[in-house]
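The values are calculated or read from the model by the stated rules, or taken from the named source; none is laboratory data. Note that the structure is a prediction, hence the values are computed from the model and not measured. Cβ placement follows ideal geometry from the backbone for every residue including glycine, while neighbour counts extend to all protein chains displayed. Remember, those area values only see protein heavy atoms, side chains included, never the ligands or the DNA or RNA. Shrake-Rupley method; radii C 1.70, N 1.55, O 1.52, S 1.80 Å.
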Amino acid sequence: MKRLIAILALLFAAPLLFADDLSGIWVSSTKQPDGHTSQMVLALQQNGNQLTGKIEHPWGRLNIKESKVDGNHFSVTAITNEGHTYVCEGALEADKLVFAVRDPNAKPYNVVAARAKSDPFTVANVITPPAIRDLPPNGLAKTPPMGWNSWNLFAERIDDKIVREMADAMVSSGLRDAGYIYLNIDDTWEGDRDAHGVIHSNNKFPDMKALADYVHSKGLKFGIYSGPGPYTCAGYEGSYAHEAQDAKTYAGWGVDYLKYDWCSASNLYPDSAMRAVYQKMADALRATNRPIVYSLCQYGREDVWKWGAEVGGNLWRTTGDINDTYKRMMEIVDTQSAIAQWAGPGHWNDPDMLEVGNGGMTTDEYRTHMSLWAMFGAPLLAGNDVRKMSADTRSILLNKDVIAIDQDPLGKQGQLAFKRGDVDYWKRPLSGGGVAIAAVNRASTPASVKIPWKDLGIEPISAFKDVWNSKLITIPSDPAFAIPPHGVVLLRTELVH
Ligand code: GLA
């Protein structure tokens, strides 16, 4: 009897004592309604109750930093490029890994992964990028590009119908006539390649050429998205090994703007190869002889501002992604002053697309967002639903004086002059000797300030315009401004004769 009990106890404890080794390649593949398959990989090596290895997405690989195995349960933790914690936690159930993902850039989600023989994110014989050389300017984007991009609001929900509606709305809302002329489709339009390697759009976009024609017929320009890796950030087909072919396809469709996003290229190349890899697509675009604005998106790595223009970039992202919060928007703001010298006509620092009108910030915060983007001379790519804009959103995106500051032909990026208490003072030189000033109240209580003209090096001055209130103020009247919490006062000097 005793022996029977011992055997039974061993049988019950066996799964705990001799749990399966989790070592191996675990792949989760999910077929999406648009026809594309999204994938995630855990490449694991188990040693006792520890796991090493990588968590892999189309947007890159993360090294596992901490782990725990307890019977069939496991957790692995990694740190993202931005320094945030990324966790997978779950268990081996039958022959599947079933786990929850806590990704700092996404809502929590669940994954089921099966063992695989090979890693779909590993490419054999990676193509060596070309030798570096300086490309002359392509003559485009003399002022920062303006338009609309699908990502911030729609992400993977963008389709042909919405793009057409956006085109109509960009015209009827006055955005086009205010200068927002690029209508850019971001990630998730990509379908499969045919037998000749030609990329086709997926079933959300039945006919790209017809869509581009429609956008053009509205007096707008048409933008698209890809990346130098085999996959885009959302896991769709990238341009790796098909650069020249894709550039030709885009030109054939009538593409006027390409955003080229690093993501899975990080599984192939070290960051030090970025310059050459970006140059490769610039060459491919130029070979089409179609003027195509080239937007580099590699999150400000490798000091891209120092070489972005030389690889033919008209703009380059300076940071990781924006989101629709005041906190994130200001984190981005705080990194822009130091790199101001690298922006200029034809080649711009890009602090990411606008969130104005998406609902996550107050109207005052959105005014601060728009004001600072104008102070930077940043690309202005609206990211809201242009079909239904509130009066506040309209007034922010369509303010002619703010747009004029952004589009100032001198093209010199504004910088933080100084901080005084909770107020940041930004200064931007404008063509014709003018100056724009933005005073941003970072406090969550109202501030009252007199503009320190002298300390800002702007005296004598005869008049200035309170831009958001559209009010001309003549010196010696020099009022104190009440700035709401997280709000802004935006001024520009006026030449009064
Ligand atoms: C990256 C980019 C974003 C957007 C997404 C699309 O995160 O930085 O701007 O293009 O990819 O997947």
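Tabulated data for the structure shown
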quantity	calculated
Residue check, LEU296 touching a Gly at 6+ places or on another chain (Cβ under 7 Å), more than 29 Å from HIS486 (Cα to Cα) and within 14 Å of the ligand (Cβ to nearest atom)	yes
Which numbered condition ILE437 misses (of (1) crowded, with 18+ Cβ neighbours inside 10 Å; (2) out of contact with any Leu (no Cβ under 6 Å at 6 or more places or on another chain))	(2)
Of residues in the stretch 299-311 being buried (at least 24 other Cβ atoms within 10 Å of the Cβ) and under 19 Å from the mean Cα position of the chain (by Cα), the one farthest from the ligand (Cβ to nearest atom)	GLY308
Of all residues in the stretch 245-272 being aliphatic (A, V, I, L, M) and farther than 22 Å from ALA210 by Cα, the one that is most open to solvent (accessible area, probe 1.4 Å)	LEU268
Single condition VAL277 does not satisfy, out of (1) more than 18 Å from the chain's Cα centre (by Cα); (2) in a loop (DSSP other than H, G, I, E, B)	(2)
Of all residues in the stretch 117-173 being over 30 Å from ASN289 (Cα atoms) and within 16 Å of the ligand (Cβ to nearest atom), the one that is most open to solvent (accessible area, probe 1.4 Å)	ARG157
Count of the stretch 102-131 residues which are in contact with an Asp or Glu (Cβ under 8 Å, 6 or more places away or on another chain) and either among the β-branched types (Val, Ile, Thr) or not in a loop (DSSP other than H, G, I, E, B) (or both)	4
Strands (runs of 3 or more DSSP E) contained entirely in the stretch 172-249, each with at least 3 residues that are under 21 Å from the mean Cα position of the chain (by Cα)	182-184, 221-226
Qualifying strands (runs of 3 or more DSSP E) (wholly inside the stretch 42-101; at least 1 residues being within 33 Å of the chain's Cα centre (by Cα) and in contact (Cβ under 8 Å) with a residue 60 or more places away in the chain)	50-57, 60-70
Residue list for the stretch 329-350, restricted to those being within 13 Å of the ligand (Cβ to nearest atom) and out of contact with any Lys or Arg (no Cβ under 9 Å at 6 or more places or on another chain)	ILE332
